[in-house]
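Reading through the structure tokens given below for one structure.
The values are calculated or read from the model by the stated rules, or taken from the named source; none is laboratory data. It should be emphasised that the depicted structure is a prediction, and the values quoted were computed from it without experimental measurement. All Cβ positions, glycine included, derive from the backbone under ideal geometry; neighbour counts span all protein chains shown.
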Amino acid sequence: MPASRSHSPWRRTRYWTTLACVSAVLAGLLTLAAGHPLHGWLMILGGLMLVKGTVFGRRGRRHLREHEAAMQQTAASAGRKWRKAA
């Protein structure tokens with residue numbers, strides 16, 4: 001199994017929380033459009049409370065930047081390896 005396909009439990013939890021956050025906000029918008037303002041706003045507020053635990057939260061963005069930096073470093077070292085061999 002390639003390394004890019006394996007996800008830690010932490011990352012999977014962040015993805016599930018992100019899905020729940022987006023679903024709650026969308027459900028709140030649909031409920032508002034249906035003419036139920038109280039329930040719509042409660043759904044939207046509930047979804048926004050989940051943002052800290054998602055990939056949009058501060059920790060999620062930091063881990064994403066660390067992962068991207070590691071991937072760029074791996075790609076750069078692979079490129080240097082081929083240049084040395086030539």
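When the criteria are applied in full, Thr54 fails the requirement of being modelled with pLDDT of 75 or more, polar (S, T, N, Q) and surrounded by 12 or more Cβ atoms within 10 Å (Cβ to Cβ). Applying the condition of being outside any loop (DSSP other than H, G, I, E, B) and free of Cβ contacts under 8 Å to residues at least 12 places away in the same chain to region 27-44 and asking which residue is surrounded by the most Cβ atoms within 10 Å (Cβ to Cβ) yields His39.
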